[in-house]
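The values are calculated or read from the model by the stated rules, or taken from the named source; none is laboratory data. Please read these numbers as outputs of a predicted model, since none were measured by experiment. Cβ coordinates were reconstructed from backbone atoms using ideal geometry, including for glycine residues, and neighbour counts include every protein chain displayed. Keep in mind that these areas ignore ligands, DNA and RNA; they rest on the heavy atoms of the full protein, side chains included. Shrake-Rupley method; radii C 1.70, N 1.55, O 1.52, S 1.80 Å.
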Amino acid sequence: MDRETELLEHFRKDNERLRTALKINQLIAGELKLGPLLKQIMEITQSLMQAESCSLFLYDEKSGELVFHACSGDKEDQLREICRLPKGSGIAGWAAENLQTVRLTDVYADPRFNSEFDRETGFVTRNMICTPLIAHGKLIGISQVINHEDGDFTAADERLMESLVQMVAIAIDNARIHERLMQQQLLQHDLELAKSIQESFLPNEMPQIDGYQVAYHMNSAFEVGGDFYDTVQLQDGRTAYLIGDISGKGVSAAMIMSTVLSDLRMELTHGGTAASILNRFNISLCKKAKNGMFVSLILMILDAKSGELEIANAGHLPPVHILNQSIWQHDEASGPPAGIILDADYDFTRLVLEPGEMVLLYTDGITEARNSDHIMLGAGRLLAWLGECPETPEACMDFLTERIQAFIGQATQSDDITMLILGRS
């Protein structure tokens, strides 16, 4: 081959490599799904570098290992069996630990080379280039090409490989950012859906009963939560008020809430005392409960004519009776949270709500709230505030919410806050 022919062949190969590099650049701009992107890059890299095989390991920061993700050539299944390489192990591990490219013309002459893969598969590794992928100054993986089709890899091949992996690193980084954004969008969509479902089950307004007023407040710590409240008119003319807290937080608790409220409303249609309704609901929930799910709640049934209240408590904070001259916190719950013990036998207490008196139901997001100094609000502080609160449910609710918010200040709310106040004129 004369000199002119050699130059033409050289320029032809350079042109092919340039075209292939441009193709990779187009992939970076057009493909944002990590799996397909990596597979295509490996195939193009193998062709560009004229290698028998090309593989890619991504760095797992948590474990400190290089995790196999993609390759080209006929040994992908065997490489998948390796799956993970400790950082510092073998040629790839050394390149990752030292953030340096390694080019070997005879891998078996290098003590860092691990020949175990060759022994297990029958593959013969002759030479290689192993290059770290770095994005924003951080290691994200290792790419290696193995066995040049025409002799050894040259210094020019090494420079080309280093230029190539810079594009590959950008592509992987972009794809990861895209995946995170998609996951965030999906999570946001799920949260919005869960919130709309939760809000559809909560009452928009309380029924108006002559001589009585009711106020309620709910502030979820997250977009959705596990607290709930409700009011239901019974067939015998009485009115049921309830407040509760489902184990767990977030979307799962919000989804369970819809089932809990549906079951409670069904049991309320069958009537009975507050205790018998709670007993039936507990049995129903125990048969459905999974993964330790349970519900603490208070059921309070008002006979508006007499002012009599029946109160049944399943593992919830006791209600507070706000009298004209004093505060009286009721006894603790008569049984465990619903959904735990199938044969739990709940009892109920009676009281008469006299004119000018109120009853507060609340969840533990209030008493367990902490300020920026990590001081807990506590039941004692809440009871002291109740001794100062105005005489109507709505005014009292405004007073309490202002006090609670002032106490929490700039601290992050860690649990849902829910209150219901029933008062008699």
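Is there any pair with a first residue in the range 332-351 that is not assigned by TED's automatic domain parsing to the domain that holds Leu299 and a second that is acidic (Asp, Glu) and crowded, with 19+ Cβ neighbours inside 10 Å whose Cβ atoms are under 9 Å apart and which are 6 or more apart or on different chains, and what are they?
none
Exactly one condition in (1) closer than 30 Å to Gly237 by Cβ; (2) not in a loop (DSSP other than H, G, I, E, B) is not met by Leu317; state its number.
That leaves (2) as the condition not met.
If the requirement is being under 21 Å from Leu202 (Cα atoms) and either under 38 Å from the mean Cα position of the chain (by Cα) or hydrophobic (A, V, I, L, M, F, W, C) (or both), which of these qualifies: Leu309, Leu302? Give the derivation first.
Numbers: Leu309 fails: under 21 Å from Leu202 (Cα atoms).
The match here is Leu302.
Based on this model, can you work out whether Gln410 counts as farther than 23 Å from Gly244 by Cβ, open to solvent by 50 Å² or more (accessible area, probe 1.4 Å) and of a type outside the set (Val, Ile, Thr)?
Details: farther than 23 Å from Gly244 by Cβ: yes; open to solvent by 50 Å² or more (accessible area, probe 1.4 Å): yes; of a type outside the set (Val, Ile, Thr): yes.
Against the criterion (farther than 23 Å from Gly244 by Cβ, open to solvent by 50 Å² or more (accessible area, probe 1.4 Å) and of a type outside the set (Val, Ile, Thr)), Gln410 qualifies.
For Ser372, which of the numbered conditions (1) farther than 21 Å from Leu299 by Cα; (2) out of contact with any strand residue (DSSP E or B) (no Cβ under 6 Å at 6 or more places or on another chain); (3) part of a helix (DSSP H, G or I) fails to hold?
Result: Ser372 fails condition (3) only.
Out of the strands (runs of 3 or more DSSP E) lying entirely within the range 45-137, which hold 3 or more residues that are modelled with pLDDT under 90 and under 23 Å from Ser163 (Cβ atoms)? Please lay out each step first, then the result.
Numbers: elements: 51-60, 65-72, 84-86, 102-104, 128-135.
Because the criterion is at least 3 residues that are modelled with pLDDT under 90 and under 23 Å from Ser163 (Cβ atoms), the strands (runs of 3 or more DSSP E) in the range 45-137 that meet it are 51-60, 65-72.
Using the structure shown, decide if Leu297 is crowded, with 20+ Cβ neighbours inside 10 Å and not in a loop (DSSP other than H, G, I, E, B).
Details: crowded, with 20+ Cβ neighbours inside 10 Å: yes; not in a loop (DSSP other than H, G, I, E, B): yes.
Yes; evaluated as a whole, the condition is true for this residue.
Considering the range 134-145 alone, what residues qualify as being at negative phi and without any contact (Cβ under 8 Å) to a residue 40 or more places away in the chain?
Scanning the range 134-145 gives Ile134, Ala135, Lys138.
Looking at this structure, is Ala169 in contact (Cβ under 8 Å) with a residue 12 or more places away in the chain, under 26 Å from Val107 (Cβ atoms) and surrounded by fewer than 17 Cβ atoms within 10 Å (Cβ to Cβ)? Show your work before the answer.
Numbers: in contact (Cβ under 8 Å) with a residue 12 or more places away in the chain: yes; under 26 Å from Val107 (Cβ atoms): yes; surrounded by fewer than 17 Cβ atoms within 10 Å (Cβ to Cβ): no.
So Ala169 does not fit the description; no.
Report those strands (runs of 3 or more DSSP E) wholly inside the range 177-272 carrying at least 2 residues which are modelled with pLDDT of 80 or more, hydrophobic (A, V, I, L, M, F, W, C) and open to solvent by less than 20 Å² (accessible area, probe 1.4 Å). Working first, answer last.
Values: elements: 212-219, 227-233, 239-246.
Passing ranges, in order: 239-246.
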